Amino acid sequence: MSELFEVEQYDAAGRLGRLEVPRAGTTIQTPALLPVVNPHVQTVPPAELESQFGAEILITNSYVLHGSDELREPALEGGLHDLLDFSGAIMTDSGSFQLSEYGEIDVTTEEILEFQREIGSDIGTPIDIPTPPDVPREQAAEEQRTTQERIELAETVDTGEMLVTAPIQGSTHLDIRQRAAREAYGTDLDLFPIGAMVPLMNEYRFDDLVHVVAAAKRGLGEDAPVHLFGAGHPMMFALAAAMGCDLFDSAAYALYARDGRYLTVRGTEHLDELEHFPCECSVCLSHTPEELRQAGETERHRLLAEHNLAVSFGEIRRVRQAIRGGNLLELVDARARGHPAMLDGYRTLLHYADQLRRTDPVAKDAFFYVSGESARRPEVRRHHERLGRLDAPDRLRLSVGSPGEDGWRLVAPFGPVPPALSDVYPLTAARPDSLERPAYAAAVRGVNRLAAANPDTAITVVHDGWPEDVLASLPGDVSIRLLGGE
Ligand code: GUN
Ligand code: ZN
């Protein structure tokens with residue numbers, strides 16, 4: 001497994017990677033978006049997904065093909081790539097979704113995996129049980145056990161060169177998710193989808209989504225490629241990528257289009273309510289919302305789906321470039337402003353700053369302080385940790401503005417900055433003059449770390465009007481002065 005996935009660069013826990021798909025004879029770039037293709041209803045033909053949107057991989061449902069009188073034989077005879085007219089990599093799902101919708105399906109994991117291999121799938125999936133959020137622990141645990149049994153069964157099926165996924169379930173019980181991930185990672189399967197996320201996404205429960213992904217990531221090794229099953233809304237790609245998700249699949253582009261829903265990176269709009277298209281894709285440049293409303297149904301669905309795809313692939317490219325540029329968390333911050341639930345998701349992500357810090361590069365281009373949330377980024381935590389190991393002089397004046405005689409300064413949100421680090425990432429951060437309270441609170445935490453490591457140092461803090469109650473959390477022996485009033 002580890003040889004197939006190579007990480008080139010990290011930002012927070014997000015990564016740029018390359019996933020080799022041996023059976024397809026290709027290597028795909030990650031983060032990647034897999035459009036979901038319904039073999040019966042091709043809202044946008046797969047050949048166009050490839051030529052117009054640059055899709056390197058798509059996902060389709062083998063259970064639908066298996067149960068179809070018209071498509072089963074052609075799929076077996078000519079193979080999936082011919083059937084769909086797509087030359088990139090093809091992943092197949094197993095019917096788990098149908099299982100969760102209708103309560104039963106008429107194939108076994110062995111049968112459906114063999115069928116996936118026979119139709120030429122490049123990445124196959126066993127029949128996991130997508131346990132919904134909030135079920136009792138016993139149910140989540142029991143269904144996770146069944147999923148794990150099927151994963152272990154999948155290891156014994158002759159799947160040839162086809163990669164096989166090991167889905168991670170466990171509902172919203174974080175310890176079960178973590179165990180599921182550890183057990184899945186312990187097999188020799190290749191790719192690790194985190195399942196049953198659609199209800200969380202549909203209900204805008206981005207905080208729970210982050211908790212679940214963080215739990216699964218804790219159970220997996222760093223070399224595990226991670227797929228977020230069913231996560232097709234572009235508003236959440238940056239957030240999910242920052243947690244370390246590498247693959248996304250989108251049925252939303254087509255399903256939403258059939259409902260007149262128009263995707264943006266800030267949320268979902270409805271065609272009926274748009275007077276202008278807030279987008280630069282070719283569909284939006286060459287049509288008005290009114291024209292689309294007047295168009296025939298098939299054309300309207302197709303054009304809306306094309307817009308939805310353009311936005312989704314555009315966001316994937318933006319996420320890749322943000323990782324390359326070391327500013328993924330600034331993109332997440334921007335996306336968090338689109339919807340209060342996304343802001344909750346981002347704040348929850350920052351609860352896991354220590355988990356993100358493990359892979360976050362020590363040096364990047366620039367740290368932009370853009371919100372109170374910036375004060376909780378992993379870079380700030382890393383500086384605080386460093387302060388706990390620094391030797392301070394016997395007397396230390398920590399002042400905002402110009403450095404003291406010893407060259408130390410006080411910089412929110414970081415706290416004390418020694419002269420040796422003052423020109424070093426992230427302490428050269430660009431930030432506005434007016435800061436939110438969390439920035440002062442973070443700086444004070446930094447002073448506390450330094451003070452704890454240097455109990456004999458006499459520290460004076462010189463501030464320019466920081467909140468009194470924030471300053472009150474400094475140790476009693478730290479002197480506090482107002483700049484200019486010293
Ligand atoms: N598609 C969306 N969610 C899931 C899931 O949990 N399991 C499978 N197999 N497919 C999915
Ligand atoms: Zn558009």
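Bear in mind these aren't lab numbers, they're just calculated from the coordinates by the rules spelled out. All of these numbers come straight from a predicted model, not from anything done at the bench. Quick reminder, even Gly has a Cβ in these numbers, built from the backbone with ideal geometry, and neighbours come from all protein chains shown.
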Angle check, please: helix 297-325 long axis (alpha carbons) against the longest principal axis of the chain (alpha carbons), in degrees 0 to 90, nearest 10.
40 degrees
If I take all pairs of Cα atoms in segment 378-482, what percentage of them are more than 16 Å from each other?
51 percent
Just to confirm the number: angle between the C-alpha axis of helix 437-453 and the first principal axis of the chain, 0 to 90 degrees, nearest 10?
70 degrees
Taking 0.36 nm per residue of separation between Phe368 and Ser434 and subtracting their Cα-Cα distance, the length gained on full extension comes to 22.4 nm
Scattering profile of segment 344-405 at q = 0.14 Å⁻¹ [log10 I(q)/I(0), Debye over alpha-carbon scatterers]
-0.55
Rh by Kirkwood over Cα pairs, then Stokes-Einstein D for segment 22-136 at 1.567 mPa s and 4 °C, µm²/s:
88 µm²/s
Restricting attention to the chain, give the cysteines that have no other cysteine Cβ less than 4.7 angstrom from their Cβ.
Cys245, Cys281
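Order of 57-68, 447-458, 402-413, 265-276 by packing, highest average Cβ count within 10 Å first?
Ranking the peptides 57-68, 447-458, 402-413, 265-276 by packing returns 57-68, 402-413, 447-458, 265-276.
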Between segment 16-79 and segment 196-240, what is the C-alpha centre distance in whole Å?
22 Å
Residue farthest toward the positive end of the dipole of segment 5-351, with Cβ of Lys/Arg at +1 and Asp/Glu at -1: which of Ile105, Thr298, Gly186?
Gly186
Rounded tilt (10° steps) of 109-118 against the dominant C-alpha axis of the chain
80 degrees
